[in-house]
Structure formats: C-alpha cells, structure tokens
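J.: A single structure is presented below for examination.
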Amino acid sequence: DAAGRLAGLTMTISAGGTREPLDPVRFLGNRSSGKQGVALALAARDAGAKVRFLAAHMEVPAPDGVEVVLVETALELRAAALHAAADSDVVIMAAAVADFRPADVSGTKIKKRDDAADPVIALVRNPDILQELVEVRDAASHGQLIIGFAAETGDAEGDVLEYAQAKLRRKGCDLLVVNHVGRDLVFGQDTNSVVILSRTGSEPQEASGSKSDVAAAVIDRISVELNRVVP
Ligand code: C5P
C-alpha cells in the first residue's frame with residue numbers, strides 16, 4: 001500500500017537555498033527554488049511519514065501537513081538539521097547549502113565611497129552539514145538513512161557519474177541524487193532529471209519527469225533501502 005508505506009517514520013527534509021549575509025540588506029545566495037524539496041516533502045507526507053521540513057530561502061510555499069522550520073544561513077540550517085535528525089529515521093539534504101559565507105558581516109550597510117578602495121569580500125568555509133550528519137549517525141550506529149543531492153557540471157555524462165560516485169563515498173551518505181546541471185537547467189524549473197547512486201553499489205537508477213515524479217522515485221528508492229537496513 002503506497003499510501004502507508006512510510007507510516008510510523010520520521011523524515012527530515014531540507015530544501016531551498018541558504019542566504020549568507022554581507023550586511024543588513026545584502027546576502028550571497030543561489031538559484032535553488034526549493035521545488036524539488038517541496039515535492040519530496042509532499043511525497044513523504046502522502047506515504048505516511050511525519051515530515052520535518054527545514055526551509056531555507058524558497059520561491060514556492062512550504063507544503064501543508066508538515067512541521068516547518070525556517071532557516072536563513074548554512075549555520076542555522078546546520079543547527080536545525082542536527083536537532084531534527086536526532087530522532088529521524090531518514091534525512092534528505094535537498095537544500096543548496098552555501099559552501100562559503102562572508103568572513104565578516106557588517107552591522108551597517110556597506111557604503112560606496114569615492115575615497116576608498118572597492119571592497120573585497122573574504123569568504124570562509126561553511127561546515128558540510130551532510131557529512132556531519134553522517135558522522136553523528138555513524139557514532140550512534142543506528143540505522144538512519146541519509147540522502148544527499150548533488151548538482152554536477154561536466155562535459156560528459158561519464159565524468160559526472162564518476163565524480164558523483166567519488167562524492168558519495170567521500171560524504172558517506174546512503175544515496176546521492178545527482179543532477180547534471182551542465183546538461184539541463186533545473187533551477188526553478190518544474191521538471192528534473194537525475195541519477196540515484198547508492199552506497200551499496202546497486203546499479204545507478206535514472207529518474208526524470210516532473211519534480212513530483214522524481215520525488216516519487218526517490219521515495220520509492222528510500223523504502224527499498226529501509227527494508228534492507230532495518231533490522
Ligand atoms: O559538495 P556538494 O555541495 O556538491 O554536496 C551537495 C550535498 O551536500 C547536498 O545534499 C547538500 O544539501 C549537502 N551540503 C551540506 N552542507 C554543505 C554543502 C552541501 O549539507 N556545506
């Protein structure tokens with residue numbers, strides 16, 4: 001029964017793009033619309049899961065029937081994700097997390113001044129939340145399933161997959177949902193085309209269509225993996 005497949009499970013899903021402030025009015029952001037994350041949350045909710053939805057900046061509203069936590073920056077998302085993951089059976093990191101944030105945040109609006117040199121923005125690395133979630137999971141040695149997303153650019157499909165396989169191993173998550181962004185522009189669109197890679201080494205699985213179709217394929221795959229890892 002598809003409707004109750006995830007009944008009794010708690011899922012944390014992050015979506016949207018983080019915004020890293022420069023001053024009170026400016027930020028560094030990215031093109032994530034949040035649409036794929038929303039589609040995942042809807043599919044998980046409809047399959048009976050209790051969903052914790054961690055929403056960074058999105059161009060679409062958060063879904064009904066899920067617990068929504070609003071976040072702005074990568075550091076806020078990290079805190080929310082570590083908290084929500086603590087009692088989640090599944091964690092999906094669909095958010096586009098800024099890899100870097102401005103080293104200094106000005107308390108007042110940065111002014112342009114003719115007598116001063118043009119400003120230079122120094123950046124510092126944000127923590128890799130996905131990797132941290134895996135470390136916490138492994139330290140606790142419970143059967144939590146962790147899913148990452150990756151937007152890759154590359155000239156050839158083979159390169160993209162090879163690179164993504166390496167990322168899956170590096171990050172240690174169970175599934176990696178890979179977009180080839182050089183090939184299709186997916187940001188803000190209603191359709192998507194992905195390859196789902198698994199740490200267990202099963203064949204890469206392609207899914208494409210509407211973002212709901214892709215979400216359904218990811219949720220299907222999650223229920224298969226859960227049946228494999230749950231004792
Ligand atoms: O390394 P890359 O940014 O391509 O990895 C993408 C995956 O890692 C996504 O699942 C994203 O949510 C997650 N991520 C993260 N923390 C970061 C950067 C990415 O959790 N600082």
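The values are calculated or read from the model by the stated rules, or taken from the named source; none is laboratory data. All of these numbers come straight from a predicted model, not from anything done at the bench. All Cβ positions, even for glycine, are placed from backbone atoms using ideal geometry, and neighbour counts span all protein chains on display. Ligands, DNA and RNA are excluded from the accessible area calculation, which covers all protein heavy atoms including side chains. Shrake-Rupley method; radii C 1.70, N 1.55, O 1.52, S 1.80 Å.
J.: Could you work out how far helix 35-46 tilts from the main Cα principal axis of the chain, as a 0 to 90 degree angle to the nearest 10?
T.: That helix lies at roughly 30 degrees to the long axis.
J.: Distance between the C-alpha centers of the stretch 105-160 and the stretch 1-52? Whole Å please.
T.: About 17 Å separates the Cα centre of the stretch 105-160 from the one of the stretch 1-52.
J.: Of the peptides 141-149, 158-166, 87-95, how do they stack up when ordered by the mean number of other Cβ atoms within 10 Å, highest first?
T.: With the highest mean Cβ count within 10 Å placed first, the list reads 87-95, 141-149, 158-166.
J.: From the square roots a ≥ b ≥ c of the eigenvalues of the alpha-carbon gyration tensor of the stretch 50-99, which class results: rounded (a/c under 1.5), prolate (a/b over b/c), or oblate?
T.: oblate
J.: Still on this structure, I have one more. Show me the ranking of peptides 215-225, 37-47, 65-75 by mean Cβ neighbours inside 10 Å, starting with the highest.
T.: 37-47, 215-225, 65-75
J.: What percent antiparallel are the DSSP beta bridges of the chain, to the nearest 5?
T.: Around 40 percent antiparallel, to the nearest 5.
J.: If the cut-off is 20 Å between C-alpha atoms, which aspartates and glutamates fall inside it for K211, apart from same-chain ones fewer than 8 positions away?
T.: D46, E59, D64, E152, D184, D190, D220
J.: How about K111: which aspartates and glutamates have a C-alpha closer than 16 Å to its C-alpha, ignoring those fewer than 8 places off in the same chain?
T.: D23
J.: Report in % the part of the accessible area of the chain that belongs to carbon and sulfur, leaving out ligands and nucleic acids; probe 1.4 Å.
T.: Carbon and sulfur: 51 percent of the exposed surface of the chain.
J.: So, one more: Tell me which of P63, A122, A151 sits at the most positive position along the dipole axis of the chain, charges placed on C-beta atoms (Lys, Arg +1; Asp, Glu -1).
T.: The residue sitting farthest along the positive end of the dipole is A122.
J.: Tell me the angle of helix 129-140 to the major Cα principal axis of the chain, expressed in degrees between 0 and 90 and rounded to the nearest ten.
T.: Here the helix axis deviates by roughly 50 degrees.
J.: With the Cα gyration tensor of the chain giving a ≥ b ≥ c as the square roots of its eigenvalues, does the rule (a/c under 1.5 for rounded; else a/b larger than b/c for prolate; else oblate) give rounded, prolate or oblate?
T.: The shape class here is prolate.
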